Amino acid sequence: PISDSTISIRLYGVDCPELQKRSSSPPSQPFAKEAKDFTSSLTVGKTVELKLLGRDKYGRALSKVQTDTAPDLSLALAERGLAIVHTGRGAVYDENKQVLELLE
């Protein structure tokens, strides 16, 4: 069952600051911990629904993430200043590019 599987995803439409992955990696970007903590508070221990929108160049599922407390995690992160609009190659917006730009 899917509940026993791990799926690597990328939130659609946004770039979040990145955490340091290992001691030899570059340091965490500003607000990375806040973005992670906010995301965790909305997803850990909750039922999460994904709307699959495609795959990125690393094979991750480009997805809209929804929970009962966050109907759209990408918009919630942008609204709190914890993400910016992803404008790179392969960007997907699920018809929300203008909304994301307004929130930025």
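The values are calculated or read from the model by the stated rules, or taken from the named source; none is laboratory data. Quick caveat, the model's predicted, so the values are computed rather than measured. Here Cβ is always computed from backbone atoms with ideal geometry, including for glycine, and neighbour counts include all displayed protein chains. Each accessible area value is taken on the protein alone, full model and side chains, heavy atoms only, with ligands, DNA and RNA left out. Shrake-Rupley method; radii C 1.70, N 1.55, O 1.52, S 1.80 Å.
Find the residue count for the stretch 8-60, including only residues that are open to solvent by 60 Å² or more (accessible area, probe 1.4 Å), more than 19 Å from His86 (Cβ to Cβ) and either among the polar types (S, T, N, Q) or in contact (Cβ under 8 Å) with a residue 40 or more places away in the chain (or both).
5
Which residue pairs have Cβ atoms under 7 Å apart, sit 6 or more places apart or on different chains, and have a first residue in the stretch 75-104 that is over 16 Å from Gly54 (Cα atoms) and a second that is of a type in the set (Asp, Glu)?
Cβ pairs passing all conditions: Ala78/Glu104; Leu82/Glu34; Ala83/Asp15; Ile84/Asp15; Ile84/Glu104; Val85/Glu101; Val85/Glu104; Leu103/Glu79.
Give the number of residues within the stretch 61-90 that are open to solvent by 60 Å² or more (accessible area, probe 1.4 Å) and either in contact with a helix residue (DSSP H, G or I) (Cβ under 8 Å, 6 or more places away or on another chain) or farther than 15 Å from Asp15 by Cα (or both).
6
Checking Asp4 against (1) in contact with a strand residue (DSSP E or B) (Cβ under 9 Å, 6 or more places away or on another chain); (2) modelled with pLDDT under 95, which test does it fail?
Just one mismatch for Asp4, condition (1).
Look through Leu102, Leu53, Leu75 and report the one residue that is more than 21 Å from Lys21 (Cα to Cα), under 11 Å from the mean Cα position of the chain (by Cα) and at pLDDT below 95.
Working: Leu102 fails: under 11 Å from the mean Cα position of the chain (by Cα); Leu53 fails: under 11 Å from the mean Cα position of the chain (by Cα).
Matching residue, one of Leu102, Leu53, Leu75: Leu75.
Would you confirm whether or not the stretch 66-84 contains a residue that is in a helix (DSSP H, G or I) and among the hydroxyl-bearing types (Ser, Thr, Tyr)?
Yes, the stretch 66-84 has at least one match.
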